[in-house]
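What follows is a single structure, written as structure tokens, with notes after it.
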Amino acid sequence: MSETVPPPNAERRPTRITSQALVQVADCRRRLWLANHTRTPMAPLPEHVVVLRERAREHERAVADRFTDLAGPFWKHDGPLSEVAAETLHLLRETRRPIWRGALLSADGRRVAHPGFLSWEGDSLIVTEARLALRPDARADFALQLAHVRDLLFETAGLVPARFDIVNGEGETLVVEPATDARYASVVRAVDATLAEPEEPTELRAYSNCRRCPYYDHCWDMAERDRRIELLPEVQIAHVPEYHALGVHTLADLVTLDPERLPAGPVRGAAKHAIVVASAWIENRAAWLQPPLLPKGPLVWFDLEGDSLGEKAENPIYLWGLALELPGEAPVAEAIVAEMGADGDREAWERFVARAVAILDQHPDARFVHWDAFEPLWIERYALKLGAPDGFVKRMKSACHDLKRVLDRCVRLPLRSYSIKHVAPWMGFEWRNPESGSEWSVAQFHRARETDDPVERERLVTALVEYNEDDLWAMRAVWRWLAEHAPRGA
Ligand code: SF4
């Protein structure tokens with residue numbers, strides 16, 4: 001259980017409106033409030049975030065190499081903010097040197113920006129940012145951050161930039177339009193209003209938004225303690241006001257709700273499921289909707305490890321994991337790990353195709369059991385990109401069997417999420433490495449790719465393979481649980 005939030009008059013850190021605050025207020029007001037007003041423990045940064053930050057810093061350093069006679073970088077530890085802001089102003093007014101991560105501080109000291117690079121083309125001031133995103137021009141949060149820089153440049157130095165550039169993750173320079181003055185002003189007001197709230201906002205974002213947030217434990221443990229309806233995947237955040245309007249805030253309220261009181265349509269349909277799930281939560285049990293459909297015959301436990309950069313990655317799928325289980329025999333896991341680079345990607349795909357074809361030739365009724373839509377989707381993408389034997393995709397698509405879909409249709413569980421990482425542990429399964437997860441796996445792969453030490457690489461790849469094996473056994477555990485616990489007569 002996380003530490004409780006101190007009362008409003010407890011020690012507070014000084015609050016400033018930063019580029020980050022502008023983005024946070026649109027994302028989650030509660031997160032902004034927590035970051036500024038409490039000492040609520042934050043979860044350590046997940047490994048993939050650390051890797052992403054390293055990549056972002058590396059990208060920024062590469063962009064810095066484009067400038068000559070660069071002043072900076074100025075960071076927080078280079079002295080008090082007011083001194084860095086004064087130095088930035090001096091460089092802007094008295095020189096034409098490009099500035100790396102200077103500080104722009106408003107006269108009242110409340111707003112601060114650290115623009116990536118400020119440089120000159122003749123008498124024209126150019127603002128340049130380095131971002132890993134491939135389409136930064138489509139990002140409203142970047143446009144807002146640029147408007148913040150524009151506003152502070154004008155207030156502090158009376159300068160209006162001629163252009164705003166963003167160098168994307170592929171090194172292309174894109175001209176980006178900042179948000180309008182009106183939009184910027186309204187977001188600044190929203191930040192001010194949130195920071196002025198005496199109590200922690202109670203809103204809870206959807207699980208998919210929260211699970212990467214450093215305040216996840218704080219908010220979700222609190223929601224679980226209070227038995228809030230937002231815990232249930234069946235209660236969409238957009239529908240919460242409809243429930244609240246009927247006085248339904250907790251799971252106990254929900255089980256007594258007559259769904260006919262909700263507006264007809266998706267809200268009412270979802271509420272019928274949510275009521276079943278609420279009772280499962282209250283009693284910490286499974287609530288069956290119907291018996292599961294579990295085909296007999298040879299099974300292939302099937303799980304892919306993919307890069308979060310998707311098709312932009314050199315190895316979008318870096319590990320093809322499978323384990324053939326014949327009736328009455330123990331399954332054996334096999335992992336096809338891609339070597340780095342395009343050749344490695346193709347070679348791993350071809351090995352996977354050959355193995356899958358061999359299994360299907362020998363066991364035409366084999367089912368490739370996977371979790372959710374990821375595996376069939378990537379088979380299709382790879383076949384399009386690198387080719388496959390005639391009929392392979394069709395054959396695989398009919399062999400694929402989505403276990404999550406089976407679970408969704410037949411049973412409700414007292415869980416925040418129906419990710420395999422929640423479902424399998426509830427049924428008693430444990431991963432050998434409790435720190436592992438899909439993002440951990442991506443980070444391991446990137447570390448393996450970056451290290452020059454073959455022993456270290458081997459160690460990282462072995463850990464990856466073990467993790468993938470456990471993913472396969474987790475699905476097997478869910479399958480067996482469904483088979484054993486299905487209602488009698490199934
Ligand atoms: S866990 Fe969710 S609700 Fe809590 S601060 Fe983070 S995003 Fe907001």
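Structure above, values below:
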| quantity | calculated |
| --- | --- |
| Residue, nearest to the ligand (Cβ to nearest atom), within segment 202-261, restricted to residues that are of a type in the set (S, T, N, Q) and over 25 Å from the mean Cα position of the chain (by Cα) | T250 |
| Every pair of residues 6+ apart whose Cβ atoms lie under 6 Å, when the first sits in segment 463-490 and is part of a helix (DSSP H, G or I) while the second is among the β-branched types (V, I, T) | A474/I420; M475/V369; V478/V423 |
| Matching residues in segment 470-490 - criterion: being under 14 Å from V423 (Cβ atoms) and among the hydrophobic types (A, V, I, L, M, F, W, C) | W473, A474, M475, A477, V478, W479, W481, L482 |
| Selection from segment 76-94 of residues that are part of a loop (DSSP other than H, G, I, E, B) and either closer than 25 Å to D192 by Cα or modelled with pLDDT of 95 or more (or both) | P80 |
| Per-region count, segment 98-119, residues part of a strand (DSSP E or B) and either in contact with a His (Cβ under 7 Å, 6 or more places away or on another chain) or not β-branched (V, I, T) (or both) | 8 |
| Residues within segment 325-343 that are surrounded by 16 or more Cβ atoms within 10 Å (Cβ to Cβ) and more than 24 Å from L407 (Cβ to Cβ), tallied | 5 |
| Residues (over 26 Å from the mean Cα position of the chain (by Cα) and exposed (fewer than 12 other Cβ atoms within 10 Å of the Cβ)) located in segment 161-176 | V175 |
| Pairs where the first residue, in segment 223-245, is within 18 Å of D408 (Cα to Cα) and in contact (Cβ under 8 Å) with a residue 24 or more places away in the chain and the second is surrounded by fewer than 20 Cβ atoms within 10 Å (Cβ to Cβ) and aromatic (F, W, Y), C-beta under 8 Å, 6+ apart | P233/Y418 |
| Some residue of segment 472-486 being at pLDDT below 90 and surrounded by fewer than 17 Cβ atoms within 10 Å (Cβ to Cβ) | no |
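The values are calculated or read from the model by the stated rules, or taken from the named source; none is laboratory data. Small disclaimer: the values here were computed from a predicted structure and weren't measured. Methodologically, a virtual Cβ is constructed for each residue, glycine included, from the backbone with ideal geometry; neighbour enumeration extends over all protein chains shown.
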